[in-house]
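Peer 1: Have a look at this one.
The values are calculated or read from the model by the stated rules, or taken from the named source; none is laboratory data. Just so we're clear, the structure is a prediction, and the values are computed from it rather than from any experiment. FYI the Cβ positions are ideal-geometry reconstructions off the backbone, even for glycines, and counts take in every protein chain you see. Heads up: the accessible areas ignore ligands, DNA and RNA and are worked out on the full protein's heavy atoms, side chains in. Shrake-Rupley method; radii C 1.70, N 1.55, O 1.52, S 1.80 Å.
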Amino acid sequence: MMRLFGSNGVRGVANEEFTPQLAAAVAASAGHLLGREMALGRDGRTTSPMFRDVVASALLSVGCNVYDFGEIPTPALQYMVKSKGFDGGIMVTASHNPPEFNGLKVIYGDGVEVPRFLEERIEALVSQGGPEPVAWNQVGRVTHLEFLEEYVEAVVSHVDAEAIRGAGLSVALDLGNGVASLTAPKVAARLGCRVYTLNEDIDGEFPGRGSEPTPENLGGLRALIKATGASMGVGFDGDGDRSIVMDEKGEAVWGDRTLSLVAQEYLKEHPGETIVTPVSSSNSLEEVVSRYGGKVYWTRVGSVVVSRTMVDNGFNLGGEENGGIMYGPFLPVRDGCMTMALLLEIMARRGTSLSRLIAEQPRLYKGKTKTPCPNHLKEKALERLAQGVKAAQVNTLDGVKITYEDGSWVLFRPSGTEPIFRVYAEAAQRSRVKELLDQHVALIEKVVSELASA
Ligand code: MG
């Protein structure tokens with residue numbers, strides 16, 4: 001059976017890999033399996049109106065009623081699905097991918113992306129040609145809804161708005177020409193912040209800095225922080241679930257450092273709770289979390305895996321190292337607006353700058369690279385790696401993660417789509433990261449060549 005879903009939805013270059021026909025088949029199958037009342041939203045991409053129309057038609061054809069929320073950030077649509085009691089939802093988006101891409105995220109009735117077993121059922125149905133359409137007089141109806149205001153209020157109500165309003169904070173937002181423009185400035189203003197924005201026009205070609213915020217392309221945000229004296233900067237991705245944060249000095253903060261700060265403050269009020277994160281996150285999270293009486297639950301890599309682990313176990317806080325905090329009391333999904341609001345709350349309550357708060361967190365350096373390995377040798381190579389290294393700890397939850405006595409670690413993960421391993425490393429010194437990457441790339445090259453000639 002063909003696999004359509006990647007780590008977060010179905011995606012591809014529009015009209016090449018991701019066609020209107022494929023979008024229709026996935027939407028009809030999802031509607032058939034999830035139920036009659038389906039929410040629909042889209043990001044600001046050039047091809048999103050086209051895919052909105054085929055998705056709506058496909059849902060109607062299997063008897064679903066469609067509630068079209070128009071342009072909306074993914075987490076806001078997810079909130080609507082849960083709070084309004086829809087059976088499910090479909091978000092037309094390719095998240096942070098380049099402008100030529102598009103895709104679908106399929107949302108379950110609890111507001112979180114559908115679990116893997118439902119993805120498999122959708123894939124099976126698509127490969128069988130999709131569900132039968134209903135009779136002409138059973139076709140559903142479309143209703144257009146506008147509920148962004150309600151989402152903005154809901155985010156605001158989940159933090160100590162009084163404290164934030166009293167703190168006199170200001171924020172610089174790089175909206176990346178994405179749909180976070182519709183919500184993030186409003187949330188910040190409602191929390192009493194002075195708001196400065198950049199790339200605020202929604203534009204499917206992402207002319208500002210591209211749709212993925214990275215420390216390298218946030219120079220404009222850094223300049224805006226410097227020019228305005230903002231207390232914090234936030235750069236959002238194209239559909240508003242991921243965000244990269246900058247302190248008041250214009251220093252970009254990695255997602256696992258913001259997560260450890262949020263986890264620390266959360267555990268002060270909720271001692272003993274469990275924080276969920278993938279094995280690619282910093283081991284230092286464990287140090288911070290245990291200091292405040294909490295536990296870390298490690299998962300495989302992927303935001304849906306983290307969200308689903310939270311739902312299944314009733315855990316309230318999770319996050320990923322690439323900039324996505326999941327705050328369960330609101331909704332256990334990545335949400336750039338909620339992340340911004342939580343950080344503002346921490347700054348207001350602690351009465352100190354973001355750079356000082358981040359400086360309290362362990363300082364570790366990270367690096368990432370890739371190295372070739374034929375697909376058929378990946379499994380064997382991982383086995384040899386796990387057996388062959390002398391290390392304090394070897395974790396095989398997702399790929400192989402090797403932790404050394406000094407706390408530094410290396411993670412090998414096979415790519416699901418390319419004949420490569422992704423290699424991640426973390427250590428207390430920058431030079432040690434380079435050394436780890438060089439050593440382990442050499443090691444994997446040796447293992448692969450031995451296996452190839454065996
Ligand atoms: Mg995204």
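Peer 1: Quick check, is residue 263 surrounded by fewer than 19 Cβ atoms within 10 Å (Cβ to Cβ), outside the structural domain of residue 427 (by TED's automatic domain parsing) and assigned to a helix (DSSP H, G or I)? Give the steps one after another, and end with the answer.
Peer 2: Numbers: surrounded by fewer than 19 Cβ atoms within 10 Å (Cβ to Cβ): no; outside the structural domain of residue 427 (by TED's automatic domain parsing): yes; assigned to a helix (DSSP H, G or I): yes.
No; evaluated as a whole, the condition is false for this residue.
Peer 1: Evaluate segment 230-244: report whether one residue or more is away from the ligand (no atom under 16 Å from the Cβ) and of a type in the set (Ser, Thr, Tyr).
Peer 2: Applying the first criterion (away from the ligand (no atom under 16 Å from the Cβ)) to segment 230-244 yields 230-233.
Pick out the ones that are also of a type in the set (Ser, Thr, Tyr) and you get 231.
So far as segment 230-244 goes, yes, one or more of its residues are away from the ligand (no atom under 16 Å from the Cβ) and of a type in the set (Ser, Thr, Tyr).
Peer 1: How about segment 189-202: which of its residues are touching a Leu at 6+ places or on another chain (Cβ under 6 Å) and either free of Cβ contacts under 8 Å to residues at least 60 places away in the same chain or open to solvent by 40 Å² or more (accessible area, probe 1.4 Å) (or both)?
Peer 2: The answer is 196, 197, 198, 199, 200.
Peer 1: Would you tally the residues in segment 89-112 being in a loop (DSSP other than H, G, I, E, B), more than 14 Å from the ligand (Cβ to nearest atom) and among the aliphatic types (A, V, I, L, M)?
Peer 2: Count: 1.
Peer 1: Another question about this same structure. Which residue out of 392, 428 is open to solvent by 40 Å² or more (accessible area, probe 1.4 Å), free of Cβ contacts under 8 Å to residues at least 24 places away in the same chain and not assigned by TED's automatic domain parsing to the domain that holds residue 280? Steps first, please.
Peer 2: Details: 428 fails: free of Cβ contacts under 8 Å to residues at least 24 places away in the same chain.
Result of the check over 392, 428: 392.
Peer 1: Inside segment 411-424, can you point out the residues that are part of a strand (DSSP E or B) and in contact with a Lys or Arg (Cβ under 7 Å, 6 or more places away or on another chain)?
Peer 2: At the first step, the residues of segment 411-424 found to be part of a strand (DSSP E or B) are 411-414, 420-424.
Residues satisfying the conditions are 411, 413, 414, 420, 421, 422, 423, 424.
Peer 1: Which ones in segment 35-65 are among the hydrophobic types (A, V, I, L, M, F, W, C) and crowded, with 24+ Cβ neighbours inside 10 Å? Write out each step before concluding.
Peer 2: First pass over segment 35-65, keeping only residues among the hydrophobic types (A, V, I, L, M, F, W, C): 38-40, 50-51, 54-56, 58-60, 62, 64.
Of everything in segment 35-65, those that are among the hydrophobic types (A, V, I, L, M, F, W, C) and crowded, with 24+ Cβ neighbours inside 10 Å turn out to be 38, 39, 40, 51, 55, 58, 59, 64.
Peer 1: Report, ordered by the first and then the second residue, all pairs with beta carbons closer than 7 Å, sequence separation of six or more or different chains, a first member in segment 439-454 that is free of Cβ contacts under 8 Å to residues at least 60 places away in the same chain, and a second member that is surrounded by 19 or more Cβ atoms within 10 Å (Cβ to Cβ).
Peer 2: Hits for this filter: 440/410; 440/423.
Peer 1: Something else now. Quick check on segment 203-226. Is at least one of its residues over 30 Å from residue 100 (Cα atoms) and open to solvent by less than 40 Å² (accessible area, probe 1.4 Å)? I'd like the intermediate steps shown before the answer.
Peer 2: Looking only at segment 203-226, we keep the residues that are over 30 Å from residue 100 (Cα atoms), and these are 225-226.
Retained after the next criterion (residues that are open to solvent by less than 40 Å² (accessible area, probe 1.4 Å)): 225.
Yes, there is a match, as at least one residue in segment 203-226 is over 30 Å from residue 100 (Cα atoms) and open to solvent by less than 40 Å² (accessible area, probe 1.4 Å).
Peer 1: What residue, among those in segment 222-276 that are among the polar types (S, T, N, Q) and over 30 Å from residue 41 (Cα atoms), is nearest to the chain's Cα centre (by Cα)? Reasoning before the result, please.
Peer 2: Of segment 222-276, the ones among the polar types (S, T, N, Q) are 228, 231, 243, 258, 260, 264, 274.
Filter once more, keeping what is over 30 Å from residue 41 (Cα atoms): 228, 231, 260, 264, 274.
Values: 228: 29, 231: 24, 260: 16, 264: 21, 274: 19 Å.
Among them, the one singled out is 260.
Peer 1: Of the residues 306, 288, 253, 276, which single one is within 16 Å of the ligand (Cβ to nearest atom) and either among the hydrophobic types (A, V, I, L, M, F, W, C) or on the phi > 0 side of the Ramachandran plot (or both)?
Peer 2: Values: 288 fails: within 16 Å of the ligand (Cβ to nearest atom); 253 fails: within 16 Å of the ligand (Cβ to nearest atom); 276 fails: within 16 Å of the ligand (Cβ to nearest atom).
Only one candidate passes the filter, namely 306.
Peer 1: Now for a separate question. Give 167, 172 a once-over and let me know the one that is crowded, with 16+ Cβ neighbours inside 10 Å and under 18 Å from residue 221 (Cα atoms).
Peer 2: Details: 167 fails: under 18 Å from residue 221 (Cα atoms).
Of 167, 172, the one residue that is crowded, with 16+ Cβ neighbours inside 10 Å and under 18 Å from residue 221 (Cα atoms) is 172.
Peer 1: Any residue that is within 16 Å of the ligand (Cβ to nearest atom) and outside any helix (DSSP H, G or I) - is there at least one of those in segment 361-373?
Peer 2: To start, the set of residues in segment 361-373 that are within 16 Å of the ligand (Cβ to nearest atom) comprises none.
No: segment 361-373 contains no residue that is within 16 Å of the ligand (Cβ to nearest atom) and outside any helix (DSSP H, G or I).
Peer 1: Let me ask something additional. Can you confirm whether residue 416 is small (Gly, Ala, Ser) and under 24 Å from residue 302 (Cβ atoms)?
Peer 2: Numbers: small (Gly, Ala, Ser): yes; under 24 Å from residue 302 (Cβ atoms): yes.
Against the criterion (small (Gly, Ala, Ser) and under 24 Å from residue 302 (Cβ atoms)), residue 416 qualifies.
Peer 1: Next question, about the same structure. Mind checking which pairs have a first residue in segment 68-86 that is farther than 13 Å from residue 239 by Cβ and a second that is modelled with pLDDT under 95 and of a type in the set (Gly, Ala, Ser), Cβ under 9 Å, 6 or more apart or different chains?
Peer 2: Cβ pairs passing all conditions: none.
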